[in-house]
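Encoded as structure tokens, the structure appears first; notes follow it.
The values are calculated or read from the model by the stated rules, or taken from the named source; none is laboratory data. Because the structure is a prediction, the values reported are computed rather than measured. Quick reminder, even Gly has a Cβ in these numbers, built from the backbone with ideal geometry, and neighbours come from all protein chains shown. The protein model used for the area step is the full one, side chains on, heavy atoms only, and it has no ligands, DNA or RNA in it. Shrake-Rupley method; radii C 1.70, N 1.55, O 1.52, S 1.80 Å.
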Amino acid sequence: MTFRATILTLYPEMFPGPLGTSLAGRALGERKWSLDAVNIRDFTTDRHRTVDDTPAGGGAGMVLRADILARAVDAHADGRPLIAMTPRGRPLTQSRVRELAAGPGAVILCGRFEGFDERLLEARGVEQISIGDYILSGGEMATLVLLDACVRLLPGVMGAASSGVEESFESGLLEYPHYTRPVEWEGRTIPEVLRSGDHAKIAAWRQRQAEIDTRLRRPDLWERHEGARVGSPSGARQRTED
Ligand code: SAH
């Protein structure tokens, strides 16, 4: 089964964009995944190819029309997850990325202007995903982010790389910091333990660094991680051993 992405957008020329280069681009060329960018305007019915209208209730901007979006969605919906990129969505996580990457792909709606008529999202049961708490000018960049995260997990895309069981978020923690040669640079040396060759000590150091950095930088992640640990029977045991 190949991962197939269908993107419904007003700017199909933005794709594959950066996904046409590097690992994702090579994999695209090798047909390890596919991408189809479809212009929402092709589903308009009037001479001016109108996709939007003014917001009910007033206010700034324009809203993408439910009837036009529905025609675009219905022409492509085939059981793949149907996703709309929106800052009102559930924040994207590595675990959702893993699920999507293990599936048949996705049909993804990119918003513009003020976004989508809410009735379309309800009527078609669209999953709403946000890539973070800030506002982009359109859903295309958010879609590129989502697809990049998925594609690198597809079989054969990352090559020999460990494909990241140790990576940030996979264990609920940020990853430990990395170093490489030269051993000394601008008076800073690589931590001694990493040069010791003692794999158990290195693993323990990395675990400790991951915990420290997560606690300091991402108290939200840390709280969840600790909650899960304390909540589980093994976590409870660990606690009493500390
Ligand atoms: N008025 C909307 C923002 C519209 S931004 C609001 O305040 O919620 C225009 C489009 O950009 C959105 O429809 C969405 O498709 C995309 N977009 C903007 N920020 C995004 C984010 N953080 N995550 C995902 N998509 C985003």
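Go through the stretch 144-200 and give me each residue that's within 14 Å of the chain's Cα centre (by Cα) and at pLDDT 95 or above. Correct list: 144, 145, 146, 147, 148, 149, 150, 151, 152, 153, 154.
Is it true that some residue in the stretch 80-88 is open to solvent by 60 Å² or more (accessible area, probe 1.4 Å), within 29 Å of residue 154 (Cα to Cα), within 16 Å of the ligand (Cβ to nearest atom) and basic (Lys, Arg)? Checking the stretch 80-88: at least one residue is open to solvent by 60 Å² or more (accessible area, probe 1.4 Å), within 29 Å of residue 154 (Cα to Cα), within 16 Å of the ligand (Cβ to nearest atom) and basic (Lys, Arg). Restricting to the stretch 91-147, name every residue that is closer than 28 Å to residue 167 by Cβ, more than 14 Å from the ligand (Cβ to nearest atom) and open to solvent by 40 Å² or more (accessible area, probe 1.4 Å). Once the filter is applied, which keeps residues that are closer than 28 Å to residue 167 by Cβ, more than 14 Å from the ligand (Cβ to nearest atom) and open to solvent by 40 Å² or more (accessible area, probe 1.4 Å), the stretch 91-147 yields 94, 95, 98, 99, 102, 104. Filtering the stretch 40-56 to residues that are assigned to a helix (DSSP H, G or I) and open to solvent by less than 30 Å² (accessible area, probe 1.4 Å) leaves only 40. Scanning the stretch 17-39 for residues that are crowded, with 17+ Cβ neighbours inside 10 Å and of a type in the set (Ser, Thr, Tyr) gives no hits. For the stretch 173-222, filtering for residues that are touching a Lys or Arg at 6+ places or on another chain (Cβ under 9 Å), among the charged types (D, E, K, R) and assigned to a helix (DSSP H, G or I) leaves 0.
Has the stretch 86-97 got any residue that is of a type outside the set (Val, Ile, Thr), within 22 Å of residue 35 (Cα to Cα) and more than 13 Å from the chain's Cα centre (by Cα)? No; the residues of the stretch 86-97 include none that is of a type outside the set (Val, Ile, Thr), within 22 Å of residue 35 (Cα to Cα) and more than 13 Å from the chain's Cα centre (by Cα).
Taken over the stretch 1-27, the criterion of being among the hydroxyl-bearing types (Ser, Thr, Tyr) and without any contact (Cβ under 8 Å) to a residue 40 or more places away in the chain is satisfied by 21, 22. The single condition from (1) at pLDDT below 95; (2) touching a helix residue (DSSP H, G or I) at 6+ places or on another chain (Cβ under 9 Å) that residue 1 fails is (2).
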